[in-house]
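The values are calculated or read from the model by the stated rules, or taken from the named source; none is laboratory data. Computed from a predicted model, the values in this text were never measured in an experiment. A quick note on method: Cβ atoms are made from the backbone with ideal geometry, for glycine too, and the neighbour counts reach across all protein chains shown. Note: areas computed on protein heavy atoms with side chains; ligands, DNA, RNA excluded. Shrake-Rupley method; radii C 1.70, N 1.55, O 1.52, S 1.80 Å.
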Amino acid sequence: MSVKVEKTENKNELKLEFTIEAKVFDEGMKKVFNKNSKYFNIPGFRKGKAPMNIVEKYYGDEIFYEDTFNEVAPSVYDEAIKSEKLEVVSKPEIDIVQIGKGKDLIFTAIVDTKPEVKLGKYKGISVEKVEYKVEDKDVEDELNRMAERNSRMITVTDRAAKKGDTAVIDFAGSVDGVPFEGGSAENHELELGSNTFIPGFEDQVIGMKTEAVKDVKVKFPEDYFSKELAGKDAVFKVTVHEIKKKELPKIDDEFAKDVSEFDTLKELKADIKSKKEKQNEETSKAQLEESAVKTVAADSSVEIPNGMVELEIDNMEQDMDRRLAYQGINLEQYLQMLGKTKADFRKESIEPAKESIKLRLVLEAVCKDAKIDADSKEVEAKIKELATSYGRKEEELKNNEALIENVKENVKTEKAIALIVDNAKIKTVEPKVEEKAEKKATTKKTTKKAEDKEVKEDKKETKKEEKTEKKTEKKTTTKKTTKKAE
């Protein structure tokens, strides 16, 4: 095997030309045949028993080319990336130059490499720290939430349903007199005022009494996720079987004993306040770190290759899909409900992807400039922490090379952030209204993503194989490949 590496006219882009000896390619064809021989049904032979030369004559030997490429190319590609010490940040664009039995396999791969960061000032920057105070109302709100969680539902028989009640109903919907899929249910518990049904539906159930029957007339929103129903008038026959109201416990010393380890309400309030103060400090610290890193990034410059952005969006798409899986849906279904496509998702993700990449590259540049590294003790401490968090054995995690690398990078990143913050000019300020309403996600949580992902999945070998196969995935059909080879 040989590989030639040359720069292209595009910045941070390389063209790699690979030549794999004919002998290696032919051996790969034999492996592919042996893996798939059981599927071939040739007249005159029992299924899966026809020899390779007969199968080649019957189908043409090009039938094995695509699988053989994927058999021999990934390891060669990975070996070249490693031996040439290339920092590849994109999927390769593969082009088959020559392929065929008894011939050298020649193909090229165009890849993007990690761009150089022009690092700005990262010591002595000016940044604000938002200081959140715990108000009496915050404690009262938490007590009310605790009361909600410990509430009970009691049946109401002496009045009609009102907002806040839960009505147990049967409903059957129709459009132009024709029932539609998913438009009916029995003994469904509907919280009135929750706005979980079509606009106007819950308002018309309010005022109904137990065992009352009513036709509820509504109109589906124009942007309703089901195009067949969007904008159409519908009628639901609704029967109320039961009306229930929420009964909240009295918030007193007895309540404190029931919901906590404390004997008095005063002690419970003090504990809530203490925990909220700690949460606020953590939020404030995280926002300070995020603001500091963004300030450094704003003073730095880097040209991010398109391939790197596409790969980042791929990761964002996979992460979103995994999160939605916990809710029983996938990304495609979620986007359909929003009236969007994957193309829309990817387009909207371009700028967030670029920002994420830039922050990561800037922190790497700070580590390099400040000569920040992760020593073995720091890595071991982090591994121990992860093992405890996920109930795994330390030795098991230590054998995962990908995880170890992620831990090292995250330790370095955390030290770089600490360096920036420790040397910053910090001004403490009161939170703005919007900051009180929504406390943003933390930089620290972002840096932990990779290692958490590795610990949860921990399928290193399988993932590695899949990754290398995808990297060198051939994008042409066997027919096109054969035509190029000829």
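The lone criterion from (1) surrounded by fewer than 18 Cβ atoms within 10 Å (Cβ to Cβ); (2) on the phi > 0 side of the Ramachandran plot left unmet by Asn12 is number (1).
Looking across segment 144-181, the residues that are of a type outside the set (D, E, K, R), closer than 17 Å to Ile206 by Cα, open to solvent by less than 80 Å² (accessible area, probe 1.4 Å) and not in a strand (DSSP E or B) come down to Ala160, Ala161, Gly164.
Check Lys354, Lys425, Lys382, Lys432 and return the single one that is open to solvent by less than 60 Å² (accessible area, probe 1.4 Å), charged (D, E, K, R) and within 24 Å of Gln287 (Cα to Cα). None of the other options fit; the residue is Lys382. Comparison of Ile372, Ile404 shows that the only residue that is modelled with pLDDT of 90 or more and outside any helix (DSSP H, G or I) is Ile372.
Has segment 36-45 got any residue that is open to solvent by 50 Å² or more (accessible area, probe 1.4 Å) and under 30 Å from Gly307 (Cα atoms)? Within segment 36-45 (the criterion being open to solvent by 50 Å² or more (accessible area, probe 1.4 Å) and under 30 Å from Gly307 (Cα atoms)), the answer is no, since none of the residues qualifies. For segment 118-131, enumerate the residues that are part of a loop (DSSP other than H, G, I, E, B) and open to solvent by 30 Å² or more (accessible area, probe 1.4 Å). Result: Leu119, Lys121, Lys123, Glu131. The sole residue among Ile272, Ile198, Ile206 that is touching a strand residue (DSSP E or B) at 6+ places or on another chain (Cβ under 6 Å) and either open to solvent by less than 20 Å² (accessible area, probe 1.4 Å) or in contact (Cβ under 8 Å) with a residue 12 or more places away in the chain (or both) is Ile198. When we screen Lys371, Lys412, Lys377, Lys347 for residues that are surrounded by 14 or more Cβ atoms within 10 Å (Cβ to Cβ) and either under 30 Å from Lys118 (Cβ atoms) or of a type outside the set (A, V, I, L, M, F, W, C) (or both), the only hit is Lys412.
Cβ-Cβ contacts under 9 Å between residues 6 or more apart (or on different chains), taken from a first residue in segment 6-33 that is touching a residue at least 12 places away in the same chain (Cβ under 8 Å) and among the hydroxyl-bearing types (Ser, Thr, Tyr) to a second residue that is surrounded by 14 or more Cβ atoms within 10 Å (Cβ to Cβ) and part of a loop (DSSP other than H, G, I, E, B), are listed as Thr19/Met1; Thr19/Asp104.
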